[in-house]
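Notes follow once the structure below has been shown.
The values are calculated or read from the model by the stated rules, or taken from the named source; none is laboratory data. Given the structure is predicted, the values throughout are model-derived calculations rather than measurements. Counting neighbours? That spans all protein chains shown, and the Cβs are built from the backbone with ideal geometry, glycine included. Note: accessible area is taken over every heavy atom of the protein model, side chains too, but ligands, DNA and RNA are not part of it. Shrake-Rupley method; radii C 1.70, N 1.55, O 1.52, S 1.80 Å.
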Amino acid sequence: MPVVLEINGFKFKFYSNENNEPVHIHITKGGGSSKYWLEPVIDEAYSYGFTVRERRIINQLINENVDFLKNKWNEYFAKK
């Protein structure tokens, strides 16, 4: 599970066996966990253990870094 980005304790990562799903990212911090689809549009798949404020922060961070996150996904799964 490569961590591709870490900002303010939020770790953005993906699982190596999920390349059969659309591009997405998992986010963890403390006891919180969430998953966001990055394509075709940014959309929260689920979120557990994060406050509303933290979820807004996560959404903002994803929007600011979506191209980077998509590139990391494509780079990683192209190697497999």
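Nearest 0.05, what FRET efficiency do residue 45 and residue 77 give at R0 = 22 Å with Cβ-Cβ as r?
Once the sixth-power term is evaluated, E becomes 0.75.
In the full protein context, the chain carries 60 Å² of accessible surface per residue, based on a 1.4 Å probe and ignoring ligands, DNA and RNA.
Could you give the dipole magnitude of the chain about its Cα centre, charging the beta-carbon of Lys and Arg +1 and that of Asp and Glu -1, in debye to the nearest 20?
240
Taking the C-alpha atoms only, the angle from helix 52-78 to the longest principal axis of the chain is near 10 degrees.
Work through the residues other than residue 13 whose Cβ is under 12 Å from its Cβ and net out their charges, Lys, Arg +1 and Asp, Glu -1. For residues surrounding residue 13, the net value is +2. Charge tally around residue 32: other residues with Cβ under 12 Å, Lys/Arg +1 each, Asp/Glu -1 each, net +4. Computed 3J(HN,Hα) for region 21-32, one whole-Hz value per residue from the Karplus formula 6.51 cos²θ - 1.76 cosθ + 1.60 where θ = phi - 60°, is 9, x, 4, 8, 9, 9, 10, 10, 6, x, x, x, glycine and proline marked x. Solvent-accessible area assigned to carbon and sulfur over the chain amounts to 46 percent, based on a 1.4 Å probe.
Across region 6-19, rounded Karplus estimates of 3J(HN,Hα) from the backbone phi angles (6.51 cos²θ - 1.76 cosθ + 1.60, θ = phi - 60°) give 9, 9, 6, x, 7, 9, 9, 8, 9, 8, 5, 9, 10, 6 Hz, Gly and Pro being marked x.
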